[in-house]
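The values are calculated or read from the model by the stated rules, or taken from the named source; none is laboratory data. Fair warning: this is a prediction, and the values are worked out from it, not measured in the lab. FYI the Cβ positions are ideal-geometry reconstructions off the backbone, even for glycines, and counts take in every protein chain you see.
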Ligand SMILES: Nc1ncnc2c1ncn2[C@@H]1O[C@H](COP(=O)(O)OP(=O)(O)OP(=O)(O)O)[C@@H](O)[C@H]1O
């Protein structure tokens, strides 16, 4: 891993809510190396998605900022792909076409049509979805949709993959399969990843570091835990590994002993719609200014 790659410095944000100010984040600082896998964990409403949205360029920080490979983040861009909990695939496009949408946005000028086809198929192979190229999102399972969503993001070759509870809506077995796939893909491609999760085992299994956030309002980073477990990691071996058990215990202690108060703010402040629709629609508009209507597939994965 190289020197610092992604730099989040002094980030704070204040939202205007019905005429009054709400401070969601205060002085969030995080430096990541290229190829690092970082999980964000914290109680509901503490500000995890807000951090991710600031890195994605969907929110502007009130103070501080984000620099990716020497360039300040000021807006969304294909160098930061976001995987949402509910895949946000276009329901009217096939599996292939959903990935094609993103690939055309990034590679239309630099790859030929044949190269783009090969690239789309390659990325769908990575997530074991090359058998379903012509299927519509409505014809595949929740786990499969999430795989396609991940392929779509990988195919953009982003500098940073941002994942907002990517497996949160899946059953335990499918989640485990996708976690294993993600570990294999990351080992092969060396992606830099920030992933939000509520799942302590998932955080320890996948991460190089676990960033634990304090409760809001004015949430910040409470502690950062280094996960030095050897890779490749096997969930069955790790279950009995004393280091794994110890790390797991430390996260649980942070969440349930040191910061057990759930964020009151989360209950009091109305939660806005996720920006996933906006992002995907922006992609769609670029690809196709035609007559297609409707939002992303809202069916729960
Ligand atoms: N656009 C916004 N306008 C006003 N308040 C907001 C906005 N976005 C987030 N908030 C508030 O900021 C706080 C942090 O929200 P955020 O969605 O980042 O939390 P979270 O940790 O991701 O929660 P969860 O785990 O439940 O998804 C919450 O109190 C939320 O209501």
Within region 166-198, the count of residues that are surrounded by 19 or more Cβ atoms within 10 Å (Cβ to Cβ) and closer than 20 Å to residue 53 by Cα comes to 9
*Is region 138-150 home to any residue that is closer than 23 Å to residue 54 by Cα, at pLDDT 95 or above and touching a strand residue (DSSP E or B) at 6+ places or on another chain (Cβ under 7 Å)?*
no
Residue pairs within 6 Å by beta carbon, gap of at least six or interchain, first lying in region 30-54 and touching a residue at least 60 places away in the same chain (Cβ under 8 Å) and more than 14 Å from residue 211 (Cα to Cα), second within 8 Å of the ligand (Cβ to nearest atom) and in a helix (DSSP H, G or I), listed first then second, are 44/266; 45/265; 45/266
Restricted to region 46-57 and to residues being within 11 Å of the chain's Cα centre (by Cα) and within 6 Å of the ligand (Cβ to nearest atom), the residue surrounded by the fewest Cβ atoms within 10 Å (Cβ to Cβ) is 49
Just checking, does region 31-45 include any residue being more than 16 Å from the ligand (Cβ to nearest atom), farther than 16 Å from residue 219 by Cβ, in a helix (DSSP H, G or I) and in contact with a helix residue (DSSP H, G or I) (Cβ under 8 Å, 6 or more places away or on another chain)? no
Checked pairs for region 249-268, first modelled with pLDDT of 80 or more, second more than 16 Å from the ligand (Cβ to nearest atom) and assigned to a helix (DSSP H, G or I), C-beta under 7 Å and 6 or more apart or across chains, list as 251/204
Of the residues in region 59-97, those that are buried (at least 16 other Cβ atoms within 10 Å of the Cβ) and in a strand (DSSP E or B) number 7
Taking region 1-29 and keeping only residues that are in contact (Cβ under 8 Å) with a residue 12 or more places away in the chain and near the ligand (Cβ under 10 Å from one of its atoms), one is left with 13, 14, 15, 17, 22, 23, 24, 25
